[in-house]
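Everything on this sheet refers to the single structure shown next.
Please treat every number below as a calculation from the coordinates, not as lab data. The shown structure was predicted, so the numbers you read here are calculated from the model rather than taken from an experiment. Reconstructed Cβ throughout: ideal geometry from the backbone, glycine too, with neighbour counts over all protein chains shown.
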Amino acid sequence: MNKKMSQQAKMLKEIMSYEFTAVDLNLYLDTHPCDMKALAEYNCVTHQLDILKRAYEQCYGPLAAFGSTPSQFPWMWIDEPWPWEVEF
Amino acid sequence: MWIYEKKLEYPVRVSCPNPRLAKIVLEQYGGADGEAGAANRYLTQRYMMPTGMAKGVLTDIGTEELAHWEIIATLFYKLIKDASIDQIKKAGLEDYYVNHGKDVYLQSAGGVPFTAAYFATKGDPVANLVEDMAAEQKARATYEHILTLSDDPCVNETIKFLREREVVHFQRFGEVLDNVYTFMNTKKCF
């Protein structure tokens, strides 16, 4: 693995950990919609996640397609590695 | 609709090529209690659910199961991609390799192709949700069997994450079942 690659995996891993927190809080909030503390935590994680994703996308292209985020030139969505190819 | 995110839900690492273990994890790719069955079960059952909570949880857990399905495929891919033909033969995967090469295929570890017969829609939210709770327990048990059979600590790390998610999903479905019971009892009063 080259250096650029391992930096990409590192950034990706941080995004993954924040997004997992969001997923778990999301499921919890589905069945506890009036838990204010969990909701505040969810909103905080969502904000952090957005910052991390925008920083990642500046270097490595869109994390999601179909209009989720703008892309630099050239279209970077098709750039490798795809998720199953990333070495952690 | 769904939007794909170009990332895994949890990192996948393997120590070395291991076709024997690749075949074992296929049970959770296309087996009876695997992730494809789970995702399709929940995403198919959600339409006639009586409460917003039930529709939401089935949508969200169904979507998370798709991410788990991708994790299992990634495990298979990483365990088989650098395996030599000798290793594939020694692991007894000639019957798999002759048909699929190193591609992942939607089947159980025993070679049975995936089928919709693995899950139900009963036209009854309680019956559906109780099936979902059982499915989570069966998936947890399968992950524990995989841990018993696995000889790769890196793979175990990912499998343990997936096993833990089954426990959380079981808990959430139990809460949804309560919510649906409450809704049905309230309706009967009027």
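What the table shows:
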item	result
Under the Karplus curve 6.51 cos²θ - 1.76 cosθ + 1.60, θ = phi - 60°, whole-Hz ³J(HN,Hα) for region B:52-62, x wherever Gly or Pro sits	x, 4, 5, 5, x, 5, 5, 5, 6, 5, x
Cleavage-rule hits, GluC sites (Glu not before Pro), chain A, DSSP coil, Cβ neighbours within 10 Å at most 15	A:GLU87
Out-of-range pairs (alpha-carbon distance over 19 Å; input A:LYS37/B:LYS55; B:LYS6/B:LYS102; B:LYS23/B:LYS89; A:LYS53/B:LYS160; A:LYS53/B:LYS6; A:LYS53/B:LYS78)	A:LYS37/B:LYS55; B:LYS6/B:LYS102; A:LYS53/B:LYS160; A:LYS53/B:LYS78
Summed side-chain charge close to B:ALA54 - residues other than B:ALA54 whose Cβ falls under 13 Å, Lys, Arg +1, Asp, Glu -1	-3
Principal axes of the protein assembly as shown: Cα extent on each, largest first, Å	69, 45, 30
Packing-based exposure ordering (other Cβ within 10 Å, fewest first) of B:LEU66, B:LEU106	B:LEU106, B:LEU66
Over chain B, relative contact order from alpha-carbon pairs under 8 Å, at least 6 apart, %	32
Loop-resident sites, region B:105-190, for trypsin sites (Lys or Arg not before Pro), counting at most 16 other Cβ within 10 Å (DSSP)	B:LYS122
Total charge dipole magnitude, chain B, about the Cα centre, Cβ charges on Lys, Arg, Asp, Glu only, Debye to nearest 20	200
Amide hydrogen neighbours beyond the local backbone of B:GLN107, cut-off 5 Å, H modeled	B:GLY30, B:PHE114
C-alpha long axis of helix A:36-60 to longest principal axis of chain A, angle in °	10
Exposure proxy order (Cβ contacts within 10 Å, fewest to most) of B:HIS68, A:HIS47	A:HIS47, B:HIS68
